[in-house]
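Below is one structure, written out as C-alpha cells; comments come after it.
The values are calculated or read from the model by the stated rules, or taken from the named source; none is laboratory data. Note that the structure is a prediction, hence the values are computed from the model and not measured. All Cβ positions, even for glycine, are placed from backbone atoms using ideal geometry, and neighbour counts span all protein chains on display.
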Amino acid sequence: MEKTLSAIAQNLDLMLGGLGVTLVLSVLIIFFGTIIGFLGGMGLTSGPRWLKALLRVYVDIVRGTPLLVLMFLLFYLMPEFGVDITGFQTVVVALSLFAGAHISEIVRGALTGIPKGQADAAKALGLTYWPMMREIMIPQAMPAVVPPWTNTAIEMVKGTSLAFLLSVSDLLFETQNVVERTGIALPFYFTAALIYLAVNLLLSRFGHWLEQRNRYAA
Amino acid sequence: MFDLDWNIVLRYQDLIVEGVIIALRMTLISFAIGSVLGLLLAYARTSGRSWLETPATAYVEFLRNIPLLLIVLIYYFGLPMVAYKNFPDWLADAVVFDGEGSMIVALSLYYAAYLCEVFRAGILSVGRRYLDAGKSIGLTNVGVARYITVPIMFRSVLPSLTNTAISLFKDTSIAMAIAVPELTFAARKISTDTFKVFEAWLTVGAIYLVIAWLIGAVMRALERRIKWSV
Amino acid sequence: MADVIQPMVEIVDVRKRFGDNEVLKGVSLTITPGEVVSIIGPSGSGKTTLLRCINFLETYDGGWIRVNGEPVGYREKGGARVPLKEKDVAKLRAETAMVFQQFNLFPHMTALGNVTFGPTHVRGVAKDAAKERGLELLARVGLREKADSYPAQLSGGQQQRVAIARALAMDPKVMLFDEVTSALDPELVGEVLAVMQGLADSHGVTMIVVTHEMHFARDAADRLVFMDGGVVVEQGVPAAMIEDPQSERLKAFLRRFHNA
Ligand SMILES: Nc1ncnc2c1ncn2[C@@H]1O[C@H](COP(=O)(O)OP(=O)(O)O)[C@@H](O)[C@H]1O
Ligand SMILES: [Mg+2]
C-alpha cells in the first residue's frame, strides 16, 4: 500500500504532463469542431444546393466511420500527398472533423426546429443573412444545441485517448508507460479514470451553465 | 499520381473477411450483454429506491465519462496483473480473457451505461397512464410490464437503440489496440505490410460505412414492421 | 404636371407560381402615399403571397413591384430581370414593415427588445434613443408597462400589438398586415383593431391590410380590393362595394360572410 502510494506520488507529475496534452488536444478539437459544426449546420439548412450536397456527404461519411479509422486514414494518407503530419496534428484534425460532423447535424436540427416566421420577421426588418443568423437564429437554436453539444464535447475528451495509438504522450499514453515501468496497474489506471471523470464532470457543469445562460422565458 | 493496386485487397481478402466476422461477433455479443445490463440498470435508476438508484447512477456516470480505451486496457493489461497475484488460479482463469473476450467485456460494461440511459428515457416516456390503464383492466404488475410497458418502451427507444448499436459497432475498431485481428487491425496490417495505404484504408473505411448503414437499414425495417407508434 | 403624386406602391401585372400552381395571375394595383387599402378574398386567393412579394419574402416570376419608385427584388438590365444583391433587398425591406398572422415576435427578446432591435441593428440608431422611442411606441399600443416582458408572458393580443410597435419602430413607408387578428381569441381582436384604426386615422403611413374583419375594411380603409383566384376582381370605395357588389364572385363571397 505504502509502496503504491509512493509510486503514485513519484509518477503523478508524468501523468499530469499527459493530462496537459489531453487538455490542449481537447480544447483545440472542441474549438475547431464547434466552428466547423456551426458553419456546417448553417450550410445544411440555408446553403445553396451544391453546398448542402457536399456537406451531407461529409457529415454522413464521417459519422459512419470509426474515429480510429478516420485517424489512421489521415495519418497514413497525408504523407502520400507529401504532407508531413505529426501524431498530435492528426488527432486534432481527425477529431475536429468528427466533432464538426456531429455538431453540424446538431445545429441543423436546432435551426430546422425554429418556426419559419422568425426568419420572415427578421428579413422583413431588413436584416441580411449573417446578422439574422447571429441575432435571431443562433440564439434561438442554442437551447436545443447546448445539451447534445456538451455530450459531443465529452465524447471528444474521451476520444483524445486514441492519441495513445499514435504515440502522442497524452494522459492515457503516460499512464500506460507508468504501468508498464512500475508493474503497478490498477492504482494508476483508476487515477487516470478519475482524472478523465473530473475533466468531464467539469465539462458537464460548463454545459449546464451554458444552458442556464441561454434560457429565456418560455 | 498514385499506383493504385486494388488487387492487394483481394490478396488480403481472408484477413478482411475475418476482420468483418470478428467485428460483427463482438458487436452482437456486447450489444446483447450490454442491453441486459442496461435494462437492469435502467430499472434500478427508476426504481425510486435510493439503495438501487445511487449505485446505478454512479456506475453510469463513471463509465460514460472515461475513455473506452482505458476500460479496455484495465481489463486486458491491468486485471491479469492483479488477478494472478491475488486471486486463486481458478478465479483468475475465469475472469481473464484473450483480446477479443476482453474487448467484449469492456464494450458490454461501457455500453451498458449508454443503454441504461436509452432504456431509462423509454421507461420515463411510458409513464403512469399506461400503467394505470393496464391495472384497471385487472393485469398484475408482471402482466402490465410484459404486455404493456415493455413493448411500448421498446418501440419508443428503437431509434436510439439503432444509433447506439451503430456506435458500438464502430467502437469495435478500438480492439486493434490490443491486437484483436478485426477490421481496423487488418487495414493497418495491409497498409504497413504492403504500403498500399490508400487501398487498405479506403476499403476498410467503406466496409465500416456499409455495415453501419446496413445496421441502420435493418433496424428501420424492424421499426416499420411495427405498425403502431407511441 | 409637376404635382402628379408618385405612387407609394405600384404593382404591375405580377405573376407568381409555386411549381404548377399559378397563385398570382397578373395582379395590378396602385397605392398612393398615406392610403389605407384593405384586401379581402377567399382563402387561397393569393393575398398572403401578394403581401410577401411586396416585401420580397417571395420572389415573383413576372411583372413589376415598385415601392416609392424603387423596383422590388430585381433591376432591369437590357430588358432582362436581374436579382438584386442581398444587401439591396434588405435595404428595401427595411422601408416596408410587415405584421404577421402568427406575430413572429423574437422569443429571446423582451417586448422592448423586439421593438428596438430593428432600429439599432438595421438603422444604426443609438441604443438610448431607440429605447426612448421604443417605450413611446409601446405606450402608443398600450403596453408601456409590459416593456420587460418576454413574448411568452404576453397574451396573443398583446403580442400582436408589440409586433405592430416593432413594425412602426422602423418608420416604414409602407406597412403590410396579413390577417393579423386571425390567430387571436375573439375577445382579443378588438384591442388590436383599435390600434390599427388609430394608425389608419392618422394617415401617416401607407397601409395594406389583408383582413377578414369587414367592419374594419368598411370603416378604416380608403379603398377595398377584392381578390379571387390570383387576380384582383373588383376594387373601389369600401362602403359602396360592400353594399353594391358588381361581380358575381364578390356577391358570393359577401353572401358567405353574412351567413357566417
Ligand atoms: N410556400 C408555398 N409553396 C407552395 N404553395 C404555396 C406556398 N405558399 C402559398 N402557396 C399556395 O398558394 C396559394 C395562395 O396562398 P395564399 O397566398 O396563402 O392565399 P391567401 O392568403 O389568400 O389565403 C394557395 O393555394 C397555397 O397553397
Ligand atoms: Mg393568407
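Counting only residues that are within 22 Å of the chain's Cα centre (by Cα) and closer than 10 Å to C:ASP148 by Cα, which one in the range C:102-112 is farthest from the other protein chains (Cβ to nearest Cβ)?
C:LEU112
Restricting attention to the range B:39-48, does a residue exist that is crowded, with 18+ Cβ neighbours inside 10 Å and either at pLDDT 95 or above or within 14 Å of chain A (Cβ to nearest Cβ) (or both)?
Yes, because at least one residue in the range B:39-48 is crowded, with 18+ Cβ neighbours inside 10 Å and either at pLDDT 95 or above or within 14 Å of chain A (Cβ to nearest Cβ) (or both).
What's the total number of residues in the range A:97-141 that are crowded, with 23+ Cβ neighbours inside 10 Å, touching a residue at least 40 places away in the same chain (Cβ under 8 Å) and within 7 Å of another protein chain (Cβ to nearest Cβ)?
Total satisfying the criteria: 0.
Yes/no matrix, rows are residues, columns are (1) under 28 Å from A:MET137 (Cβ atoms); (2) surrounded by fewer than 17 Cβ atoms within 10 Å (Cβ to Cβ):
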position	(1), (2)
C:TRP64	no, no
C:VAL67	yes, no
C:ARG75	no, yes
C:ALA80	no, yes
C:PRO83	yes, yes
C:LYS87	yes, yes
C:LYS91	yes, yes
C:MET98	yes, no
C:GLN101	yes, no
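Working carefully through the options C:PRO7, C:PRO42, find the one that is surrounded by fewer than 22 Cβ atoms within 10 Å (Cβ to Cβ) and within 16 Å of ligand 2 (Cβ to nearest atom).
The conditions single out C:PRO42.
Among C:ARG218, C:ARG161, which is surrounded by 18 or more Cβ atoms within 10 Å (Cβ to Cβ), charged (D, E, K, R) and more than 16 Å from ligand 2 (Cβ to nearest atom)? Reasoning before the result, please.
Details: C:ARG218 fails: surrounded by 18 or more Cβ atoms within 10 Å (Cβ to Cβ).
Of C:ARG218, C:ARG161, the one residue that is surrounded by 18 or more Cβ atoms within 10 Å (Cβ to Cβ), charged (D, E, K, R) and more than 16 Å from ligand 2 (Cβ to nearest atom) is C:ARG161.
Could you look through the range C:140-179, keep only residues that are within 18 Å of C:PRO107 (Cα to Cα) and in contact with a strand residue (DSSP E or B) (Cβ under 6 Å, 6 or more places away or on another chain), and pick out the one that is farthest from the other protein chains (Cβ to nearest Cβ)?
C:ILE164
For the range C:177-191, check the following and say yes or no: at least one residue is in a strand (DSSP E or B) and either within 16 Å of ligand 2 (Cβ to nearest atom) or buried (at least 23 other Cβ atoms within 10 Å of the Cβ) (or both).
yes
Please indicate, with yes or no, whether at least one residue in the range A:72-89 is of a type in the set (S, T, N, Q), more than 11 Å from chain B (Cβ to nearest Cβ), outside any helix (DSSP H, G or I) and within 27 Å of A:PHE164 (Cβ to Cβ).
Taking the range A:72-89 as the starting set, the residues that turn out to be of a type in the set (S, T, N, Q) are A:86, A:89.
Cutting the leftovers down to more than 11 Å from chain B (Cβ to nearest Cβ) gives us A:86, A:89.
So of that shortlist, the ones also outside any helix (DSSP H, G or I) come out as A:86.
Remaining after also requiring within 27 Å of A:PHE164 (Cβ to Cβ): A:86.
Yes; the residues of the range A:72-89 include at least one that is of a type in the set (S, T, N, Q), more than 11 Å from chain B (Cβ to nearest Cβ), outside any helix (DSSP H, G or I) and within 27 Å of A:PHE164 (Cβ to Cβ).
Return the total of residues in the range C:45-60 being near ligand 2 (Cβ under 9 Å from one of its atoms) and touching a Lys or Arg at 6+ places or on another chain (Cβ under 9 Å). Outline the logic, then answer.
Initial filter on the range C:45-60 (near ligand 2 (Cβ under 9 Å from one of its atoms)): C:45-49, C:51.
Next cut, touching a Lys or Arg at 6+ places or on another chain (Cβ under 9 Å) only: C:46, C:49.
Residues that pass the stated criteria total 2.
Tell me the residue from B:LEU139, B:LEU202, B:LEU161 that is closer than 28 Å to A:GLY82 by Cα and of a type in the set (A, V, I, L, M), please.
Being closer than 28 Å to A:GLY82 by Cα and of a type in the set (A, V, I, L, M) holds for just one of B:LEU139, B:LEU202, B:LEU161, which is B:LEU202.
Looking only at residues in the range A:42-61 that are surrounded by fewer than 19 Cβ atoms within 10 Å (Cβ to Cβ) and closer than 16 Å to A:ALA99 by Cβ, which one is nearest to the other protein chains (Cβ to nearest Cβ)?
Among those that are surrounded by fewer than 19 Cβ atoms within 10 Å (Cβ to Cβ) and closer than 16 Å to A:ALA99 by Cβ, it is A:ILE61.
Quick check on the range C:184-201. Is at least one of its residues within 16 Å of ligand 1 (Cβ to nearest atom) and either more than 17 Å from C:PHE103 (Cβ to Cβ) or not hydrophobic (A, V, I, L, M, F, W, C) (or both)?
No, the range C:184-201 contains no residue that is within 16 Å of ligand 1 (Cβ to nearest atom) and either more than 17 Å from C:PHE103 (Cβ to Cβ) or not hydrophobic (A, V, I, L, M, F, W, C) (or both).
Where in the range B:28-115 are the helices (runs of 4 or more DSSP H), entirely inside, with at least 1 residues that are small (Gly, Ala, Ser)? Walk me through it before giving the result.
Working: elements: B:50-64, B:68-73, B:79-86, B:89-95.
Per the criteria, B:50-64, B:79-86, B:89-95.
What pairs come up if the first residue lies in the range B:92-110 and is free of Cβ contacts under 8 Å to residues at least 60 places away in the same chain, the second is not in a helix (DSSP H, G or I), and their beta carbons are under 7 Å apart, counting only those six or more places apart or on different chains?
Final answer for the pair search is B:VAL105/B:PHE97.
Listed residues A:LEU111, A:LEU77, A:LEU162; which is touching a Phe, Trp or Tyr at 6+ places or on another chain (Cβ under 9 Å) and of a type in the set (A, V, I, L, M)?
On the way: A:LEU111 fails: touching a Phe, Trp or Tyr at 6+ places or on another chain (Cβ under 9 Å); A:LEU162 fails: touching a Phe, Trp or Tyr at 6+ places or on another chain (Cβ under 9 Å).
Checking each option against the conditions leaves just A:LEU77.
For a quick check of your reading: which helices (runs of 4 or more DSSP H) sit entirely within the range C:202-260 and have at least 1 residues that are without any contact (Cβ under 8 Å) to a residue 40 or more places away in the chain and among the hydrophobic types (A, V, I, L, M, F, W, C)?
In the range C:202-260, the matching helices (runs of 4 or more DSSP H) lie at C:238-243, C:248-259.
Give A:ILE85, A:ILE106 a once-over and let me know the one that is more than 29 Å from B:ALA217 (Cβ to Cβ) and β-branched (Val, Ile, Thr).
Within the list A:ILE85, A:ILE106, the selection yields A:ILE85.
Just for the range B:173-230: of the residues that are polar (S, T, N, Q) and within 23 Å of the chain's Cα centre (by Cα), which one is farthest from the other protein chains (Cβ to nearest Cβ)?
Of the residues in the range B:173-230, the ones polar (S, T, N, Q) are B:173, B:184, B:191-192, B:194, B:203, B:229.
Now drop any that are not within 23 Å of the chain's Cα centre (by Cα), which leaves B:173, B:184.
Numbers: B:SER173: 4, B:THR184: 6 Å.
Among them, the one singled out is B:THR184.
Looking only at helices (runs of 4 or more DSSP H) that fall completely inside the range A:98-202, which ones have 1 or more residues that are among the aliphatic types (A, V, I, L, M), in contact with a strand residue (DSSP E or B) (Cβ under 9 Å, 6 or more places away or on another chain) and modelled with pLDDT of 95 or more?
On the way: elements: A:116-124, A:129-132, A:138-159, A:171-182.
Per the criteria, A:116-124.
Restrict the check to the range A:150-163 and report whether at least one residue is surrounded by fewer than 24 Cβ atoms within 10 Å (Cβ to Cβ), under 28 Å from A:PRO115 (Cα atoms), in contact (Cβ under 8 Å) with a residue 60 or more places away in the chain and within 14 Å of chain C (Cβ to nearest Cβ).
No.
For the range B:6-23, indicate whether the set of residues that are closer than 30 Å to B:MET153 by Cβ, out of contact with any Lys or Arg (no Cβ under 6 Å at 6 or more places or on another chain) and surrounded by 14 or more Cβ atoms within 10 Å (Cβ to Cβ) is non-empty. Lay out the reasoning, then the answer.
Filtering the range B:6-23 down to residues closer than 30 Å to B:MET153 by Cβ leaves B:23.
Those left that are additionally out of contact with any Lys or Arg (no Cβ under 6 Å at 6 or more places or on another chain): B:23.
With the extra rule that they be surrounded by 14 or more Cβ atoms within 10 Å (Cβ to Cβ), the set shrinks to B:23.
Scanning the range B:6-23 turns up at least one residue that is closer than 30 Å to B:MET153 by Cβ, out of contact with any Lys or Arg (no Cβ under 6 Å at 6 or more places or on another chain) and surrounded by 14 or more Cβ atoms within 10 Å (Cβ to Cβ).
Give the range C:79-114 a look and list any residue that's in a helix (DSSP H, G or I) and in contact with a Leu (Cβ under 6 Å, 6 or more places away or on another chain), or say none.
Answer for the range C:79-114, where residues must be in a helix (DSSP H, G or I) and in contact with a Leu (Cβ under 6 Å, 6 or more places away or on another chain): just C:ASN114.
Looking at B:ARG120 and the list (1) charged (D, E, K, R); (2) crowded, with 16+ Cβ neighbours inside 10 Å; (3) within 14 Å of chain A (Cβ to nearest Cβ), which single condition is not satisfied?
It fails just one condition, (3).
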